[in-house]
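For reference, the structure is listed below as C-alpha cells.
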Amino acid sequence: MSNWFEIKVKYVKIDEKSGLEKKVTEPYLLDAVSFTEAESRIHKELEQMIRGDFQVTNIRKANYTDIFPFENADRWYKCKVNYVSVDEEAGKEKKISSQMLVMGSDLKEAYDNLMTSLSGMTIDFDVVGINESPLMDVFPYFSDEEKA
C-alpha cells in the first residue's frame, strides 16, 4: 500500500514571461515509508530538475487512496468519490469518501480518465468533486529492480 506525502519546496525560478528570478513554493507528491525517507527522496528527485539551491519547507501525509497517471495528460486533478460499504456484522450501510488523483489536460478529460480507471468497480459510486490540484509532479515508489 502506498504511503503518500505532500512536500512543499521553495526555490528561485526564472519566470518564463519576464525572464526575472522569483521565489516560488511548489507542492510535490511522493510515495515513501517515512517522513525522513520522503525528504531524502525529494532531494534526489529534484536535484535533477531544479538548478541551484532549494529548501523543503513542509512535509505532510496525504490521504489519497488511488493515483491514476495518464501518458498524454499534463495536470493533476483531485477527485472526491463516495461509495457505500455494507457492514456484514451490523447489517448497516456506511458511506465512505475517498480522495483520488487523476491526470488530465482539462476537467472533462480528468473526469473521463477517472471513469475509465474506476470502470472495473463492482460497487456504485458517485463523483462528488473534481478540482485542479496545485501538484507539480508525483513520484511513486520504485524499488531498484523496477528502475533497471
Which of the residues belonging to the range 57-67 are part of a loop (DSSP other than H, G, I, E, B) and of a type in the set (S, T, N, Q)? 63
Given the condition more than 30 Å from residue 130 (Cβ to Cβ), in contact (Cβ under 8 Å) with a residue 12 or more places away in the chain and acidic (Asp, Glu), answer yes or no: does some residue in the range 51-70 qualify? yes
Only one residue in 14, 59, 67, 7 is surrounded by 10 or more Cβ atoms within 10 Å (Cβ to Cβ) and modelled with pLDDT under 90, so which one is that? 14
Name the one entry in 37, 21 that is over 12 Å from residue 6 (Cα atoms) and surrounded by 15 or more Cβ atoms within 10 Å (Cβ to Cβ). 37
Residues of the range 1-56 classified as within 15 Å of the chain's Cα centre (by Cα) and part of a loop (DSSP other than H, G, I, E, B), total: 4
Matching residues in the range 68-119 - criterion: being in a helix (DSSP H, G or I) and among the polar types (S, T, N, Q): 113, 116, 117
Filter pass, residue 54 being closer than 13 Å to residue 140 by Cβ, of a type in the set (Phe, Trp, Tyr) and surrounded by 15 or more Cβ atoms within 10 Å (Cβ to Cβ): no
State all residues of the range 77-120 that are of a type in the set (S, T, N, Q) and in contact with a Gly (Cβ under 8 Å, 6 or more places away or on another chain); if no residue qualifies, say none. 113
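The values are calculated or read from the model by the stated rules, or taken from the named source; none is laboratory data. These figures come from a predicted structure and were not determined experimentally. Don't worry about glycine lacking a Cβ; one is built from the backbone with ideal geometry, like all the others, and counts go over all protein chains shown.
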